[in-house]
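Single-structure report; data block below.
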Amino acid sequence: MPVSEERQQELAKSLKRCSAETLAAAIRFDETKNLDELPAIILGVLERDAANPRPDGMASVTDDMKLVDDIGMDSFGMIEVVMTAEEVLGLTIATEEMGSISTLGDLKKFLRTKLGASHS
């Protein structure tokens with residue numbers, strides 16, 4: 001089902017300062033619920049919210065990289081990531097659930113699991 005203009009505007013607001021590719025992936029996800037769109041959305045949001053951005057951006061990040069030590073996130077940035085995930089992906093995430101997430105792969109797996117549970 002096509003994404004309404006109003007929903008596209010909501011996504012654009014939630015993803016402000018993210019790349020056009022991130023927004024396009026979010027719109028495609030909203031339309032199709034295809035989990036293959038998640039990496040582009042996650043990387044775009046992390047790049048936007050990193051307190052200490054990587055000099056090469058997100059081009060060379062791998063799933064085993066630590067969100068804080070390797071990708072440059074801080075606690076405030078992680079709160080932004082959670083809030084954006086809730087708005088863009090339609091999830092509810094409790095603070096306690098984030099405790100076991102330390103790497104990019106952990107974050108991807110967590111969101112895939114949450115989305116699988118909420119969209120099945």
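Of note:
Residue-by-condition table, conditions (1) in contact with a strand residue (DSSP E or B) (Cβ under 7 Å, 6 or more places away or on another chain); (2) in contact (Cβ under 8 Å) with a residue 12 or more places away in the chain; (3) exposed (fewer than 14 other Cβ atoms within 10 Å of the Cβ); (4) of a type outside the set (Ser, Thr, Tyr):
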| site | (1), (2), (3), (4) |
| --- | --- |
| ALA20 | no, no, yes, yes |
| ASP30 | no, yes, no, yes |
| GLU37 | no, yes, no, yes |
| GLY44 | no, yes, no, yes |
| ASP63 | yes, yes, yes, yes |
| LEU67 | yes, yes, no, yes |
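- Within region 48-61, the set of residues being farther than 17 Å from LEU23 by Cα and either aromatic (Phe, Trp, Tyr) or touching a residue at least 12 places away in the same chain (Cβ under 8 Å) (or both) comprises ALA50, ALA51, ASN52, PRO53, ARG54, VAL61.
- When region 104-113 is filtered for residues that are among the basic types (Lys, Arg) and either free of Cβ contacts under 8 Å to residues at least 24 places away in the same chain or touching a strand residue (DSSP E or B) at 6+ places or on another chain (Cβ under 6 Å) (or both), only LYS109 remains.
- Residue check for GLY99: of a type outside the set (D, E, K, R), over 19 Å from GLY116 (Cβ atoms) and outside any helix (DSSP H, G or I): no
- Subset of region 84-103 that is in contact (Cβ under 8 Å) with a residue 12 or more places away in the chain and acidic (Asp, Glu) - its residue that is nearest to ARG48 (Cα to Cα): GLU87
- Which numbered condition GLY116 fails, given (1) in a helix (DSSP H, G or I); (2) closer than 30 Å to SER4 by Cβ; (3) free of Cβ contacts under 8 Å to residues at least 60 places away in the same chain: (3)
- Counting only residues that are out of contact with any Ser or Thr (no Cβ under 8 Å at 6 or more places or on another chain) and exposed (fewer than 15 other Cβ atoms within 10 Å of the Cβ), region 80-101 holds 8 of them.
- Count of region 36-57 residues which are closer than 21 Å to MET78 by Cα and in a helix (DSSP H, G or I): 13
Readers should treat all values here as calculations from the given coordinates under stated rules, not as data from a laboratory. Only a predicted model underlies this, so the values are computations on that prediction, with no experimental measurement involved. Glycine gets a Cβ as well: all are built from the backbone with ideal geometry, and neighbour counts include every protein chain shown.
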